[in-house]
Amino acid sequence: MNSVPKNFGKGKEAFIPSAINLKSVLITNHKGESFNISPIVSSFSITESIYSTSLIVSLTVVDANNAIETIKIIGQEKISFVITRNKHEDGADEEVKLDLTITDIPKYSRSDNEYVQSYVISAVASFAVVDKTLKISRSYNNNTIDEIKKILNTDLSVTDLVELGSAISRSKGLLRWQNPLQAVEHFRKNSFNDVGSPFYVFQRLNGQVVIAAQSDLVAEEVHETYFDGKQFTGKALTQDDYIQRRTRIISCDSNLKFGKTFNSVAGAYASENNYLDYGNKTYTKLDFTYNDFPLGNTLNQNSSLSTTAEIDYSTTFKAHCEYISTNEFAFEGATKNNNNLRKENGHVVKSFSENLDATTHDVELFGDSFLNAGRVIELKFPKSQDPLTRDTSQAEIYDDNLSGKYLIISAVHTSKDGEYFTNVRVKKDSMSVTL
């Protein structure tokens, strides 16, 4: 039906980057019976984000075969989801296979044709469903990332884990009665590495769960460079045309977020951190300044602040104030609790997070299963200037300020009528030019 693949050659190579083949969508019902519904899936979307532990999948079904009754869909089904394509440039097969659990059918409707029904199936990774059925409570005394891995492995049976970077954060305490993924988030928020970078726990399109420090994500190799342009120079359906389309920005909607005051209030550039230790009855104040921020662990490694502007935001300590209670005698030995950890690195972690919440682009690209959350891409935006009026001494045609390296915060892989696109939200944590 609508899922019939198109834009493929006789050898099944993709003519254009948006070509995709929905190979199978296998639903297994509560009785263990399996049905392939790919012929009646008209569209799908798969969302991945560094802020989401699980993929979120949505399938739109146009059904003239009474599948709800035939399959006996009741909301306790498993889905095995396979998409494939043969890349034009090297002939390599590209396959994505996901094992999911249905969470709901949030939309259902009938068309003017009384014999056709349509509905949306929502699904997530199976461990995200299991999480809602479990509660854990236990003591801990370990590295925070090791605790996260223990929860994912032991409590949620997640085995496909990828770890980028090592945490130095460690604490001792008691997990109160809560869902496993709530505990994962508790440890994630209190995790940092040797430069004070925060960590993220998220799932990519290939099904892997990634545990990574922000400083390690931004240090990864650039996945691809994409260009904002309107014209194609390659002959249609050739390799040159394929590569141009694959690296072309289809559309872009942006929020430049140049408002330094808002970032300053959030603690990006300076903060006053007040600590009251009610164990030994002491008060400590620590002023954090952006001048001490490790710019070498950012995407473009250039400061976001000017040193000659009227307001020096690196000294606006009162713009963001934290008041934290600690207890040096909470635990014996060198092990520290969460608040003691925040005293050492909380201000740097905050700065890392808030600096990443800066220039943002929502970019539509031709589909790529390797355009994943947490990957680095480079964007090239041409100068908004008539080429005929440009100074001939300007060899560079791209806007250096807007162009540069960006981190993919989220990626939404969508397919409709057999064509595949990826919409990414990207952000950068530093300037692409030296101020």
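Tell me the trypsin sites (Lys or Arg not before Pro) within region 366-435 that lie in a loop according to DSSP and have at most 13 other beta-carbon atoms within 10 Å.
Taking region 366-435 and a limit of 13 other Cβ atoms within 10 Å, the loop trypsin sites (Lys or Arg not before Pro) found are R390.
Once you've got the GNM for the chain with C-alpha springs shorter than 10 Å, pick whichever of E221, E364, E272 has the biggest mean-square fluctuation.
Among E221, E364, E272, the largest mean-square fluctuation in the Gaussian network model of the chain belongs to E221.
If you average the sequence gap of Cα pairs under 8 Å that are 6 or more apart and divide by the length of the chain, what percent do you get for the contact order?
Numbers: 1023 pairs, mean separation 78.3, N = 435.
That works out to 18 percent.
Taking region 144-186, which trypsin sites (Lys or Arg not before Pro) meet the DSSP loop condition and have no more than 14 other C-beta atoms within 10 Å? List each step's numbers first, then the result.
Values: sites: K149, K150, R170, K172, R176; in loops: R176.
Passing sites in region 144-186 are R176.
Using a Gaussian network model on the chain with a 10 Å cutoff between Cα atoms, which of T284, T360, T326 fluctuates the most?
In this elastic network of the chain, the residue with the biggest mean-square fluctuation among T284, T360, T326 is T284.
So how far apart, in nm, are the two label points at D362 and S325 if each is 7 Å from Cα heading toward Cβ?
Taking the two extended label points, one gets 4.2 nm.
Using a/c under 1.5 as the rounded threshold, could you call the chain rounded, prolate or oblate? The axes a ≥ b ≥ c are square roots of the C-alpha gyration tensor eigenvalues, and prolate needs a/b larger than b/c, oblate otherwise.
On the way: a/c = 2.50, a/b = 1.24, b/c = 2.02.
It comes out oblate by the Cα gyration axes.
Anything over 31 Å Cα to Cα? Flag those among K107/K189; K189/K257; K257/K281, in the order listed. Please report the intermediate quantities before stating the final value.
On the way: K107/K189 35 Å; K189/K257 24 Å; K257/K281 42 Å.
Going by Cα-Cα distance, K107/K189; K257/K281 fall outside the 31 Å limit.
What 222 nm value per residue comes from the helices of the chain, counting each DSSP H run with n ≥ 4 as -39,500 (n - 2.57) and dividing by all residues, nearest 500 deg cm²/dmol? Please report the intermediate quantities before stating the final value.
Details: 8 runs with 65 residues, N = 435.
Roughly -4000 deg cm²/dmol at 222 nm, from the helical runs in the chain.
Taking 26 Å as the cut-off for C-alpha to C-alpha distance, list the pairs among K383/K428; K149/K380; K260/K318 that go past it. Walk me through the intermediate numbers first.
Working: K383/K428 19 Å; K149/K380 38 Å; K260/K318 15 Å.
Check vs 26 Å cut-off fails for K149/K380.
At a 10 Å Cβ-Cβ cut-off, how would you order C321, C252, fewest neighbours first?
On the way: C321 12, C252 16.
Ordered from fewest to most neighbouring Cβ atoms within 10 Å, C321, C252 come out as C321, C252.
Contact order normalised by length for region 139-214, with contacts defined as Cα pairs under 8 Å and 6 or more residues apart; what percent is it? If you can, show how the numbers build up before the last one.
Details: 124 pairs, mean separation 27.5, N = 76.
Over region 139-214, the number comes to 36 percent.
Which of S403, V209, L286 sits farthest toward the positive end of the charge dipole of the chain, with +1 on the Cβ of Lys and Arg and -1 on the Cβ of Asp and Glu?
Ranked along the dipole, the leading option is V209.
Rounded to whole Å and ordered largest first, report the semi-axes of the equivalent ellipsoid of region 139-214 derived from its Cα gyration tensor (root of 5λ). Intermediate results must be reported in sequence, preceding the final value.
Values: eigenvalues 65, 57, 18 Å².
Equivalent-ellipsoid dimensions as semi-axes: 18, 17, 9 Å.
Using a Gaussian network model of the chain whose springs link C-alpha atoms within less than 10 Å, name the residue from L156, L59, L174 with the highest mean-square fluctuation.
Most flexible of the set in this elastic network: L174.
Can you give the relative contact order of region 21-131 as a percent, counting alpha carbon pairs under 8 Å and 6+ residues apart?
Numbers: 220 pairs, mean separation 30.2, N = 111.
The value is 27 percent.
Students often forget the sequence filter, so: which lysines lie under 19 Å Cα-Cα from K23 once same-chain residues fewer than 8 apart are removed?
K6, K10, K12, K78, K87, K97, K416
Values quoted throughout were computed directly from the atomic coordinates according to the rules given, and no laboratory measurement underlies them. Given the structure is predicted, the values throughout are model-derived calculations rather than measurements. Neighbour counts are summed over all protein chains in view; Cβ atoms, including those assigned to glycine, are modelled from backbone coordinates with ideal geometry.
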